[in-house]
1. Among the residues of region 6-19, how many are under 15 Å from Glu138 (Cα atoms), touching a residue at least 12 places away in the same chain (Cβ under 8 Å) and assigned to a loop (DSSP other than H, G, I, E, B)?
2. Going through Val69, Val52 one at a time, which residue ends up being of a type in the set (Val, Ile, Thr) and under 27 Å from Lys93 (Cβ atoms)?
3. Limited to region 137-147, what total is found for residues that are open to solvent by less than 50 Å² (accessible area, probe 1.4 Å) and either within 27 Å of Arg84 (Cβ to Cβ) or without any contact (Cβ under 8 Å) to a residue 24 or more places away in the chain (or both)?
4. Tally the residues that are under 21 Å from Arg3 (Cβ atoms) and either open to solvent by 40 Å² or more (accessible area, probe 1.4 Å) or part of a strand (DSSP E or B) (or both), restricting the search to region 148-162.
5. Give me a count of the residues in region 56-99 that are hydrophobic (A, V, I, L, M, F, W, C), surrounded by 15 or more Cβ atoms within 10 Å (Cβ to Cβ) and over 15 Å from Phe125 (Cα atoms).
6. Tell me whether region 275-290 contains one or more residues that are at pLDDT 70 or above, in contact with a Lys or Arg (Cβ under 7 Å, 6 or more places away or on another chain), open to solvent by less than 90 Å² (accessible area, probe 1.4 Å) and aliphatic (A, V, I, L, M).
7. State which residue is farthest from Leu55 (Cα to Cα) when the search covers only region 1-19 and only residues that are touching a strand residue (DSSP E or B) at 6+ places or on another chain (Cβ under 8 Å) and charged (D, E, K, R).
8. So, Ser30, is that one part of a helix (DSSP H, G or I) and of a type outside the set (A, V, I, L, M) or not?
Amino acid sequence: MKRPTYTLPSIVKKVFRSGERSLPRTEVCSRMEANELNAFLNLDSTALLDKVLVLEQSPVRVGSSDAIVELTYQPHQLFDLAYRFLRETLTPKKMDQIVAELRRQTQFGWNQIQRLLQLEKDPRFVQYQGDPRWFLSEWTLGNDQVFAFCRDNGITQVTSRSLVHFLEQEVGIAADAAFLPVLDDRFRIDGERLYIIVRSEEPNEEESAVMEIAVTVASETITKTEEETEEDLTESGQNVQLLEEHHESTYTKEEKTMNTMTDEQVLQEVQELLQQAIERLESRQHEMSQEVVNHFQQSNMQAIEVLMKEKHKHEQIVLGIQQVLATSEQQ
């Protein structure tokens, strides 16, 4: 899953609130996790903070004790002018664009501005991984809002000429919200069009939950041994009793028949759900084959590569489900 993710120094800066100059190390890590700032990174909050502390241009340093972390930012008029420039234009800027503007507004030379303007240390400025531009920390990110709007309204593509109008007038994202489709695998830019990767054949949340429960039940039903006893299979309290062979003599004939029928019914329902999953995946595979042909005719190799990765993933899922079905039929 690819989503816009702050750089490591920016994640730490986002933790500090206006007016705060230092925080306990535990509080820094707690806020990272509470705000899910490291959600798309294979790095826990403690390790992330340790990495940022040793950076050459780190926004933080160890304070009066190892338990305290404090900002390294020192106020300067250049930082304030850069902040005002981005806030007035409501547009992220590269460093050379910022330097050029400050060069125009002040008497500082180009090299002097670059030396003094260490935006890595100013908590008002943040960056996203893979994007060289600087954003204001106070700006929101509109990717989720745009994707939800397109999904709910069945919109799969927007032309670049109408994108600004679409975002502001139809989606209604805030004027200071950033939209970063290049950093999000839910979107794809191809020429003059922005494509939204929303597939109608994907199961909704309810169907996904049912399918997940089905796979779980199948795995648990197949792998249970004779030593296992009853297990709660649903939130409503429905129980499936798996009888131990050496205890069968303690049950009446009616109880044995009822539990056998329950086990068979559950297993049959699970097998039907898994078979439906295979059919949906195979249907998607057929559609992707035609999409590959269309993209090949347009020489869109990037789109073909995405489809081939998805095809491989679907094949692995189908193979796994088929193995589960084969195992269940042997029981």
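1. Within region 6-19, the subset under 15 Å from Glu138 (Cα atoms) is 6, 10-19.
Adding the requirement that they be touching a residue at least 12 places away in the same chain (Cβ under 8 Å) leaves 6, 10-16.
With assigned to a loop (DSSP other than H, G, I, E, B) added as a condition, the list becomes 16.
Summing the residues that are under 15 Å from Glu138 (Cα atoms), touching a residue at least 12 places away in the same chain (Cβ under 8 Å) and assigned to a loop (DSSP other than H, G, I, E, B) in region 6-19 gives 1.
2. On the way: Val69 fails: under 27 Å from Lys93 (Cβ atoms).
Answer to the check: Val52.
3. Going through region 137-147, the residues open to solvent by less than 50 Å² (accessible area, probe 1.4 Å) turn out to be 137, 139, 142-143, 146-147.
Keeping just the survivors that are either within 27 Å of Arg84 (Cβ to Cβ) or without any contact (Cβ under 8 Å) to a residue 24 or more places away in the chain (or both) gives 137, 139, 142-143.
Here the count works out to 4.
4. First, the residues of region 148-162 that are under 21 Å from Arg3 (Cβ atoms): 148-152, 155-158.
Okay, now just the ones that are also either open to solvent by 40 Å² or more (accessible area, probe 1.4 Å) or part of a strand (DSSP E or B) (or both), so 149, 151-152, 156-158.
Adding up the residues that qualify gives 6.
5. Looking only at region 56-99, we keep the residues that are hydrophobic (A, V, I, L, M, F, W, C), and these are 60, 62, 67-69, 71, 78-79, 81-82, 85-86, 90, 95, 98-99.
Narrowing further to those that are surrounded by 15 or more Cβ atoms within 10 Å (Cβ to Cβ): 60, 68-69, 71, 78-79, 81-82, 85-86, 95, 98-99.
In the following step, the residues that additionally are over 15 Å from Phe125 (Cα atoms) were identified as 68-69.
Residues in region 56-99 being hydrophobic (A, V, I, L, M, F, W, C), surrounded by 15 or more Cβ atoms within 10 Å (Cβ to Cβ) and over 15 Å from Phe125 (Cα atoms): 2 in total.
6. Initial filter on region 275-290 (at pLDDT 70 or above): 275-290.
With in contact with a Lys or Arg (Cβ under 7 Å, 6 or more places away or on another chain) added as a condition, the list becomes 285, 288.
Keeping just the survivors that are open to solvent by less than 90 Å² (accessible area, probe 1.4 Å) gives 285, 288.
Checking the rest, the ones that are also aliphatic (A, V, I, L, M) come to 288.
Yes: one or more hits.
7. Residue satisfying both the conditions and the ranking: Lys14.
8. Working: part of a helix (DSSP H, G or I): yes; of a type outside the set (A, V, I, L, M): yes.
Yes; evaluated as a whole, the condition is true for this residue.
The values are calculated or read from the model by the stated rules, or taken from the named source; none is laboratory data. In this text, all values refer to a predicted model and were calculated from it rather than measured experimentally. Here Cβ is always computed from backbone atoms with ideal geometry, including for glycine, and neighbour counts include all displayed protein chains. These accessible areas exclude ligands, DNA and RNA; they are computed on the full protein's heavy atoms, side chains included. Shrake-Rupley method; radii C 1.70, N 1.55, O 1.52, S 1.80 Å.
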